[in-house]
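Worksheet: the structure to be examined is printed underneath.
The values are calculated or read from the model by the stated rules, or taken from the named source; none is laboratory data. What you see is a predicted model; the values in this text were computed from it and never measured. Using ideal geometry, Cβ is built from the backbone for each residue, glycine included, and neighbour counts are taken over all protein chains shown. Ligands, DNA and RNA are excluded from the accessible area calculation, which covers all protein heavy atoms including side chains. Shrake-Rupley method; radii C 1.70, N 1.55, O 1.52, S 1.80 Å.
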Amino acid sequence: MTLLVVGSVAYDSIKTNSEQRTDVLGGSASYFSIASSYFTNVKLIAVVGNDFKRKDVDLFNSHSVDLSGLEIKTGETFRWSGMYGKDVNIRQTLSTNLNVFSDFSPKLNLSHVESPYLFLANIDPEIQLDVLNQMQRQPKLTALDTMNFWIEGSKASLLKIIRKVDMLFIDSNEALSLTGENNIAKAAKQIQNIGPGVVIIKKGEHGAILFNQDSIFIAPAYPIDNVVDPTGAGDSFAGGFMGILAASDGDTSDINLRRATIVGSIMGSYAVQNFSVHGLNALKLADVTARYNKIWAMSKFESTGESKSLPWSQFKPHG
Ligand code: AMP
């Protein structure tokens, strides 16, 4: 059941249309581990500087995230800053300072290297490769997330790691930029041809598309009318998704992957309702179940197999 994650633990500075926050807990591994901790045991591999605050360590502890792989190094914690305009789907990165991440060389302990589930969250693909190489046996499931920063700056190593994983989570624009395609379905196919049989294309408030071998599932986003800060939605999505797979003993049947995609959407929807990880902080499983059922109710429709009374079934076009 153990899910190992390597990724960034960061201090983010965020400007939205109406508010701003400085140096709040962020990072791909932070959102991912807190979201997945509702479903499974999580172990985190990352590095922070000696400016990392006690209250943030306590927050991970309150979610039982295993921090034995969190190195504390002299220097500053990774810093990222970003800005959203009126359209919260459009984000501008203002700065990325890797700080202690620039020469991070993770050392996995015995309990880490035997984890059956591995998530390589958005971070330098060289670090992702290093972690995968240290795994004692091939994990039952490996998944990867990335972003433009690495597609533009480290494409060769990124392609190397994409070839080795079972699943890839990627934002729709990033999928196009990675593949040079101008169509999502073609981009997903191209990525599947590189390696991962499962590709999850994230489309922000428009949901996500799961490409599982030859099967396609369109998942809605849970509609939120008070989006406060979209940062971390993608990582929280991946946390919910991988949490479900780990909790179900690595069940990769199509129906379970669809279930995981919906739970991913739900965790993303909670993440955007507050700054930092606060939207995810105090959930109950009953909250997740309630949104799961609402999404089902919002998207169900009859199939032609179940009904012969579709309004156009008797229609004879043009006599
Ligand atoms: P998301 O909104 O899901 O794309 O995730 C945003 C989080 O990713 C923020 O909390 C950032 O700290 C983190 N982040 C931003 N840029 C990078 C990067 N180049 N490498 C790793 N993490 C990053």
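Details
- Once exposed loop GluC sites (Glu not before Pro) are cut out (DSSP; at most 10 other Cβ, 10 Å), longest piece of the chain: 20-301
- Dividing the mean sequence gap of close Cα pairs (under 8 Å, 6+ apart) by how many residues the chain holds gives a relative contact order of 17 percent.
- Measuring between their Cα centroids, the stretch 286-300 and the stretch 54-68 lie 29 Å from each other.
- Close amide-amide hydrogen proximity is noted between Leu144 and Leu120, Met167, Leu168, Phe169, each under 5 Å apart and 5 or more residues distant or on a separate chain (H modeled in the peptide plane; Pro and chain starts excluded).
- Using the 1.4 Å probe convention, the accessible area of the chain works out to 46 Å² per residue with neighbouring protein chains retained.
- The angle between the Cα long axis of helix 184-194 and the longest principal axis of the Cα atoms of the chain comes to about 60 degrees, rounded to the nearest 10.
- Helix 285-299 vs. the chain, principal-axis angle (Cα, 0 to 90°, nearest 10): 30 degrees
- Toward the positive end of the charge dipole of the chain, with +1 on the Cβ of Lys and Arg and -1 on the Cβ of Asp and Glu, the farthest Cα among Ile244, Pro311, Ser64 is that of Pro311.
- Under 25 Å from the Cα of Lys155 - lysines, other chains or at least 8 residues apart: Lys107, Lys164, Lys186, Lys189, Lys202, Lys203
- Helix-only CD estimate at 222 nm, as mean residue ellipticity for the chain, using -39500 (n - 2.57) per DSSP H run (n ≥ 4): -10500 deg cm²/dmol
- Summing charges over neighbours of Leu129, with a neighbour being any other residue whose Cβ is under 10 Å away from its Cβ, gives -1 when K and R count +1 and D and E count -1.
- A 1.4 Å probe, protein heavy atoms only, puts the accessible area of Arg258 near 70 Å².
- Built amide H within the under 5 Å cut-off of Val228, gap 5+: Gln273, Asn274
- Folded to 0 to 90 degrees: helix 125-134 orientation relative to the chain principal axis, Cα: 80 degrees
- Taking the Cα centre of the stretch 2-314 as reference, the dipole from Cβ charges on Lys and Arg (+1) and Asp and Glu (-1) amounts to some 340 debye.
- Residue among Phe104, Phe237, Phe169 with the largest mean-square fluctuation in a Gaussian network model of the chain, springs linking Cα atoms under 10 Å: Phe104
- When all protein chains stay in place and ligands, DNA and RNA are ignored, the 1.4 Å accessible-area order of Met135, Met83, largest first, is Met83, Met135.
- DSSP bridge pairs, the stretch 73-191: antiparallel proportion in percent, nearest 5: 45 percent
- Per atom type, the chain shows carbon and sulfur on 51% of its accessible surface, probed at 1.4 Å.
- Bridges between two residues of the stretch 2-314, per DSSP, are antiparallel at a rate of about 40%.
- Protein-only accessible surface at a 1.4 angstrom probe places the residues His278, His318, His206, His112 in the order His318, His206, His278, His112, largest first.
- Among beta bridges from DSSP that stay inside the stretch 1-88, the antiparallel ones total about 25%.
- Neighbours of Ala208 by Cβ distance under 14 Å: Lys/Arg scored +1, Asp/Glu scored -1, total -1.
- Whole-Hz ³J(HN,Hα) from phi, Karplus 6.51 cos²θ - 1.76 cosθ + 1.60, for the stretch 25-36, glycine and proline x: 4, x, x, 4, 6, 5, 4, 4, 5, 5, 5, 6
- Net charge of neighbours whose Cβ lies under 9 Å from the Cβ of Ser276, counting Lys and Arg as +1 and Asp and Glu as -1: -1
- Ordering Ala286, Ala208, Ile255 by Cα displacement along the dipole of the chain toward the positive end leaves Ile255 in first place; charges were set at the Cβ atoms of Lys, Arg (+1) and Asp, Glu (-1).
- Each of the peptides 153-162, 54-63 was scored by the mean count of other Cβ atoms within 10 Å over its residues; in descending order, highest first, they stand as 153-162, 54-63.
- Bridgeable lysines around Lys15 (alpha carbons under 17 Å apart, same-chain partners fewer than 8 residues away excluded): Lys86.
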